[in-house]
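Data first, discussion second: the structure below is written as C-alpha cells.
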Amino acid sequence: MARAADVMDAPEADRLEGMPLPRERARLIGHQETERALLNAYRSERLHHAWILGGPKGIGKATLAYRFARFVIAHPDRFGAEVAAATDLGLPPSHPVFLQVASGGNPNLLHLRRPWDEKNKRFKTELPVDEVRRTVSFFGTTASSSAWRICIVDAADDMNASSANALLKVLEEPPARCLFLVLSHAPGRLLPTIRSRCRRLDLTPLSETEIAEGLAELAPEATADPQALRELTRFADGSLRSALTLLAGDGLAIAKGFTALAGQVPNVDVAALHGLADLVAARNQDDNWEAFLHIWRMWLHERMRQVSGGNAADMLPFAELWEAANRMAGDTEALNLDRKQVVLSFFQRLSKLI
C-alpha cells in the first residue's frame, strides 16, 4: 500500500479499539450476492474500472472492498484457472498478499481516507483534495505489465467539492489496469458525474442473525446474555459496527435512554435528559458520542419511514431536523464544541415537532 510508513504511524479514522481493521479481516459477514457479483464481473469479458459500494455505515463495505482488492492483486490474470474456479473472493490469512495488505505494505493498493491532523490531535472532518491527488503519483509509478493498481476511497461522503472534482478527473481518464472502489454511505448524494462513471452495488443492512454472528466472532462476551444480545442487535439497525459501538462504553444505556425520552416528547423528563446528555458528553468517551449519533439517526429514519406514506408535508419537519442535527454534529466534531448541547438541542427541536 502506498505510503506504508504513514499508515502504520498515524491513527486511522473509524478504528474501533480492540477490533480488527477492515484490511485485517479475513471473513465477510453477509453480502454473498454482492461478493459474487464482483467475482463474476472480474472474470467477465468487460470489467468496469470504477465501482460504488453503497449502504449504511458499518455493514461491511470496507471489508468487502479489501477482500476484492486482495483477490485481484493475488490473481492478476482475470481469465486464469484459479479465478475461474473461485467460489468467493477469500484469501487465506497466511497468503502473502493478505499479510501485505493487512500490514499496510502492498504497493499496489492506495487507501484514501480522512487524514490525522497531528497539530490538533484529531482526524480532519473531510477527505481533502491533497489526499485524492495522491492518485497521481500512485498511478504514475512503474508497475509490471500484469499488475493491477487499486484505489479505495473510504468514504466518498467525506469529500469536499475540490476533492470530489479531483476524483472525477481521474475517473474520467483512468490508467490501464486500475480499479476504483468508492465507498459511500449515501451514494445518491455523490456528484451525478461521479455516479455516471461508476458501476453501483448497494449492500443491504445485516440481519439480526448476521449481527449476532459477527458479535460471536468479534465480541463473544456479548452473546452471554440472550436478552442483552436481542437488544443489541435491535438497536444496531443492521450495522455490525454500531453493535460493537453500543457494546463499548455506555452505548446500550444511551440507546435505551434515548428511546425512553423520545417516547415522552414533548413532556420530557428534564433530569433524565440532562443525565443522558452528560453520559453522551463524558470526557474521553468517544464511543458514547458515536452511539448517540447512531441511535438518533436510526430513530429519526424510522420516524420518517412511518410518515412517508402520508402527506409529504408531514415528513418535511423530520427531514429538516435530520439535516439540522447532522450539521450540529458535524460542527461539534470540526470545532470541538460541547457535545451535551447537541443532545439538548436535538430534543428541544424534536419537542417542537410532536
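The values are calculated or read from the model by the stated rules, or taken from the named source; none is laboratory data. Keep in mind that what you see is a predicted model, and the values were worked out from it rather than measured. Note that we place each Cβ from the backbone using ideal geometry, even for glycine, and neighbour counts take in every protein chain shown.
Does the range 154-164 include one or more residues that are farther than 16 Å from E12 by Cβ, touching a residue at least 60 places away in the same chain (Cβ under 8 Å), assigned by TED's automatic domain parsing to the domain that holds C178 and under 16 Å from the mean Cα position of the chain (by Cα)? The answer is yes, given that some residue of the range 154-164 is farther than 16 Å from E12 by Cβ, touching a residue at least 60 places away in the same chain (Cβ under 8 Å), assigned by TED's automatic domain parsing to the domain that holds C178 and under 16 Å from the mean Cα position of the chain (by Cα).
Restricting to the range 168-205, and then to whatever is touching a Phe, Trp or Tyr at 6+ places or on another chain (Cβ under 8 Å) and in a helix (DSSP H, G or I), can you tell me which residue is farthest from L39 (Cα to Cα)? Here the answer is V170.
Results for (1) part of a helix (DSSP H, G or I); (2) among the small types (G, A, S), shown as yes or no for each residue.
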| residue | (1), (2) |
| --- | --- |
| T259 | yes, no |
| P266 | no, no |
| A271 | yes, yes |
| H274 | yes, no |
| D287 | yes, no |
| A291 | yes, yes |
| W296 | yes, no |
| L300 | yes, no |
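When the range 211-250 is filtered for residues that are of a type in the set (D, E, K, R) and closer than 17 Å to M19 by Cα, the ones remaining, listed by number, are E213, E217, E221, R241. Scanning the range 30-47 for residues that are touching a Leu at 6+ places or on another chain (Cβ under 6 Å) and assigned to a loop (DSSP other than H, G, I, E, B) gives G30, H31.
Of the residues A291, A222, the single one that is surrounded by 19 or more Cβ atoms within 10 Å (Cβ to Cβ) and farther than 21 Å from K340 by Cβ is A222.
Going by the conditions given, is L191 over 17 Å from the mean Cα position of the chain (by Cα), outside the structural domain of A37 (by TED's automatic domain parsing) and either in contact (Cβ under 8 Å) with a residue 60 or more places away in the chain or within 30 Å of R133 (Cβ to Cβ) (or both)?
no
Of all the residues in the range 257-288, those that are charged (D, E, K, R) and either crowded, with 17+ Cβ neighbours inside 10 Å or at pLDDT below 95 (or both) number 3. With respect to the stated conditions, Q341 is polar (S, T, N, Q), farther than 25 Å from G238 by Cα and not in a loop (DSSP other than H, G, I, E, B). When the residues of the range 316-338 are filtered to those that are out of contact with any Lys or Arg (no Cβ under 9 Å at 6 or more places or on another chain) and in a loop (DSSP other than H, G, I, E, B), which remaining residue is surrounded by the fewest Cβ atoms within 10 Å (Cβ to Cβ)? My answer is D338. Restricting attention to the range 40-60, the residues that are without any contact (Cβ under 8 Å) to a residue 60 or more places away in the chain and closer than 25 Å to S103 by Cβ total 1.
Kindly evaluate A313 against the criterion of being in a helix (DSSP H, G or I), closer than 22 Å to R234 by Cβ and of a type in the set (G, A, S). No. Looking for something farther than 25 Å from R43 by Cβ, crowded, with 20+ Cβ neighbours inside 10 Å and under 18 Å from the mean Cα position of the chain (by Cα) - is there at least one such residue anywhere in the range 137-153? Looking for residues that are farther than 25 Å from R43 by Cβ, crowded, with 20+ Cβ neighbours inside 10 Å and under 18 Å from the mean Cα position of the chain (by Cα), one finds none in the range 137-153, hence no. Residue by residue through the range 30-71, note down the ones that are surrounded by fewer than 20 Cβ atoms within 10 Å (Cβ to Cβ) and not basic (K, R). Within the range 30-71, Q32, E33, A37, L39, N40, A41, Y42, S44, E45, L47, H48, H49 qualify. Could you check the range 87-147 for helices (runs of 4 or more DSSP H) lying wholly inside it with 2 or more residues that are of a type in the set (V, I, T) and touching a residue at least 60 places away in the same chain (Cβ under 8 Å)? Per the criteria, no element qualifies.
Looking at the range 149-166, can you tell me whether even one residue there is more than 25 Å from K57 (Cβ to Cβ), out of contact with any Asp or Glu (no Cβ under 7 Å at 6 or more places or on another chain), at pLDDT 95 or above and not small (G, A, S)? Yes, the range 149-166 contains a residue that is more than 25 Å from K57 (Cβ to Cβ), out of contact with any Asp or Glu (no Cβ under 7 Å at 6 or more places or on another chain), at pLDDT 95 or above and not small (G, A, S). When restricted to residues that are at pLDDT 85 or above and under 26 Å from the mean Cα position of the chain (by Cα), the range 305-332 contains 15. Criterion applied to L247, L232, L201, L218 was being within 17 Å of G55 (Cα to Cα) and either of a type outside the set (A, V, I, L, M) or touching a helix residue (DSSP H, G or I) at 6+ places or on another chain (Cβ under 8 Å) (or both), and the one residue passing it is L201.
Among the residues of the range 48-82, those that are in contact with a strand residue (DSSP E or B) (Cβ under 8 Å, 6 or more places away or on another chain), in a loop (DSSP other than H, G, I, E, B) and over 30 Å from E290 (Cα atoms) comprise H48, H49.
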